[in-house]
1. A:Ala250 versus (1) small (Gly, Ala, Ser); (2) part of a helix (DSSP H, G or I); (3) touching a residue at least 60 places away in the same chain (Cβ under 8 Å): which is the lone unmet condition?
2. Determine whether A:Arg229 is part of a helix (DSSP H, G or I) and facing chain B (nearest Cβ under 9 Å).
3. In the list B:Leu206, B:Leu268, which residue meets the criterion of being in contact (Cβ under 8 Å) with a residue 60 or more places away in the chain, over 28 Å from A:Arg31 (Cα atoms), under 20 Å from the mean Cα position of the chain (by Cα) and at the interface with another protein chain (Cβ under 10 Å from one of its Cβ atoms)?
4. Out of all the residues in region A:85-114, which are part of a helix (DSSP H, G or I) and not hydrophobic (A, V, I, L, M, F, W, C)?
5. Test A:Phe149 against the criterion of being in contact with a Pro (Cβ under 7 Å, 6 or more places away or on another chain), of a type in the set (Phe, Trp, Tyr) and within 30 Å of B:Ala306 (Cβ to Cβ), and give yes or no.
6. Looking at (1) surrounded by 19 or more Cβ atoms within 10 Å (Cβ to Cβ); (2) more than 8 Å from chain A (Cβ to nearest Cβ); (3) more than 30 Å from B:Pro282 (Cα to Cα); (4) under 24 Å from the mean Cα position of the chain (by Cα), find the lone condition where B:Ala224 falls short.
7. Would you mention how many residues in region A:24-58 are assigned to a helix (DSSP H, G or I), at the interface with chain B (Cβ under 9 Å from one of its Cβ atoms) and not hydrophobic (A, V, I, L, M, F, W, C)?
8. Report, by residue number, each residue of region A:171-193 that is within 12 Å of chain B (Cβ to nearest Cβ), more than 22 Å from the chain's Cα centre (by Cα) and either of a type outside the set (D, E, K, R) or closer than 23 Å to A:Arg132 by Cβ (or both).
Amino acid sequence: MRAARGSGAVSGTRGSGAVSGGVLSERPSWRRLWSDRVATGVMFATVLIALLPVLLIFYYIFREGLAVTNWEFLTQAPPFSYRREGGGYVNGLIGTLMMVGMATAVSVPLGILAAVYLVEYGGRNLLASLIRFFSDVMTGVPSVFVGLFVYTAFVVPFGFGALMGAVALSIIMLPIVVRSTEEMLKLVPQEIKNASYALGAAKWQTVLRIVLPSALPGITTGVLLAVARAAGETAPLILTAFGSITITTALIGEPISALPLAIFDGARTPFAAGQARAWAGALELLAIVLVFTLLARVAASRSSISR
Amino acid sequence: MIHGVRGDEISAGGGIGGGSVRSPADPRDERPPSLSALARRRGFGRALDRLFGWTAAVSGTLVLLILAYMVLTTTNTALPVFTSEGISFVTGTEWLPSRGVYGILPFIYGTLVTSIIAVVIAVPISLGVSLYLTELAPSWIKGPIAYAVDLLAAVPSVVYGLWGVFVLLPLFLQPAAEALSSVFGFLPIFKAPATGLSYFGAGVVLAIMIIPIISALAREVFRAVPDDDRLAAYALGATRWEMIWEAVIPRSRPGLVGATMLGLGRALGETIAVALLVGSRPTISASIVQPGYSMAAVIANQFPEADATGIRALVGVGVVLFAITIVINMAARLFVWRLVAER
C-alpha cells in the first residue's frame, strides 16, 4: 500500500476517532495532504453537478407547467391543431389510468404468486434459479422491445387499443414486482412461519395469512414503484396504444392516448401552444409518478421487518 | 414486531375451508379438534395446498414463458428481413425504407456511442456522489442528498426528453457542443459543424438518467466494505483519500463494474429522450457533436409511418437491440451475483 511507504507517520486524527490524539507528531507530506484535499473537493463538486439537473428539471417543469395548468387543462381533450391554445390532456389521463390500472391488476397478483413460489416452494432448485435470473434479465429488457413484441403478437391480429398498452405495461411491471416481493418475503422470519405451522395451519394459510401480511408494507413499496415506472413509460405505448387526440374508453379496436404519448407529441411539435400543453402534461405526469414514489417511501418506512 | 399478525388469526384446528377464526371469548371452548375431524379435512386441505403451490409455480414459470415467447415472436416477425438482407442487415450503412434497403449499422453505432458517452460522464459523477455520501458527508446531509439524487430516477424519460429539448439544449448542450468543436475541432470526434442535437446531446441526457442507478448501487457496494479495512488503512497513516483509494475502491471493484454495466444496459435501451435529442439522421459520423440515430429511437420515430416490410425491419432492429442489452445485463448480473455470493 502506498500509505505504508509514506514517511511512516501516523496523523491518525482524520476521519476515524479510533486513533485520536496522534501518536506521532510528524504529518503526511504536503503532496499527500493536497491530493487528499483535491480529492475531497472533487467529490464535493460531483455532488453539486449531480444536484444541478434535479433543480433545473423541477424548476422548469413547475414554472412552465403551472403557467398552463388550469381546470380546462385537467378536464378537456386537446384541440385538433397543435397551433391552437386551450384544451388539455384529459384523454391522456384517462388512457394512463386505464392502462396502468389494468396492468397493475394483472401483474401484481401474478408477480406476488411468482415471488411466493420462489421463496416458499422453489428455494434453490433449478426452476426457481432460472425464474430469478430471467426476471432480473427481464427488468433490463428495453421497454421498446416489449412494445414491439405486443405489437407483433396482439396488435397485428386485434388492432391498437388500451388492452394492448396494458399488456405491454404489465410485462414491464411483472419482473419488478416479482423481484421486489421476493426480497421482502425472504425477510419474513422463519419463526413465525413455524409458529403458524405449529398451530396446524396449512402452507397456503400460512402464506396468505402470515407471510404476506407481514411483508405487506414492503410489497406495497415494490408495487408502487412498479406503478410509477409503468405510468411514465412512453415507448411501448407508441407501438400498442398508438395515441389519439379524442377521448375514448374503449378497451380494444381504437387507438387511445396516454399522458406520456401526449407529451411526446407536444415535445415534437414546432408550435408554441402544443409545447405549452406538453409542459403542463409533464407536470401532471410528474405529479402522478412522484405521488406513487412518495407513497412507496411511506410504505417502506412503515415496514416493520427490515434487513 | 411484525404487525398484521395476531395470534387469534390462526385457528387452532387448521381452520381449513375459508380459514375460519374462532372467537377466543371463552378459552375453555378451545379444544383441539378430534382426530377424525382432522382426517376428514385433510384430503380437501391437501388438495387445496397442492393447488396453491401449483398456482404459484405456474405464475413463476410464466415469467420464463413470456420471455421465451417475446424472443420467438419478434424473431419470427423479423425473419423475412433477416433472410433477405442477410449479414448486411447489421453491417449495412444505408437505411432507405422507401427503396427497401435496410442496413442498421448507423443505429447500432449511435446506440453504442450515446451509451458510452453517458457512461463516461455518469460513472465518475456517480462514484464521487456515492463516495461523498458513504465516506465524507455529515449524517444530517446524507438523507437529503441521497433523496434528491434518487428523485432523478423517478422522472419519466419523456419528461427528460421534453426538458432536454427546450431547456438543456439552448442552456448547455448547444453552447457546449460548439465550444468542444471550436477548442478540440482538430480531433475527428469533435469535428464541426457542431450541434446540440447530437450523440453528445443525447449522451449527456442519458448520463443524467443513469446517475441515480449507478450511484444507488455504488452506495450499496461502498457500504459493504468492512469498517475494519478503513480503520486498518488509517492505522497505517493513510489520509482519507488514500484510505478510499487503497481500501474502499479495490474491495468494491466487481460491484462497481456491475453497477456500471446496469447503467449501460439502461442507456442502451432508452428510447424517448434519445429520440428527441440525437438529431435523427441515419448516418455514421465520427464526430460526437453531429447528429446521428439510435436503435430504440428509430423504432419509436419511424414506427407510425412504416409500411409492412418497414415494420418487420424495425422489429429486426428491436431483436438486435434486445440481444445486445441481454448480453450486457447478463454479464452485469453475473458480476453482481458473484459479489453477493462472496459475502
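The values are calculated or read from the model by the stated rules, or taken from the named source; none is laboratory data. Everything numeric here is computed off the predicted structure, so don't read it as measured data. No Cβ is skipped: glycine too gets one built from the backbone with ideal geometry, and neighbour counts run over all protein chains shown.
1. (2)
2. Spelling it out, A:Arg229 is indeed part of a helix (DSSP H, G or I) and facing chain B (nearest Cβ under 9 Å).
3. B:Leu268
4. Selection gives A:Asn91, A:Gly92, A:Gly95, A:Thr96, A:Gly101, A:Thr104, A:Ser107, A:Pro109, A:Gly111.
5. Taking the combined requirement at face value, the residue does not satisfy it.
6. Answer for B:Ala224: the failing condition is (1).
7. Qualifying residue count, region A:24-58: 7.
8. Result: A:Val188, A:Pro189, A:Ile192, A:Lys193.
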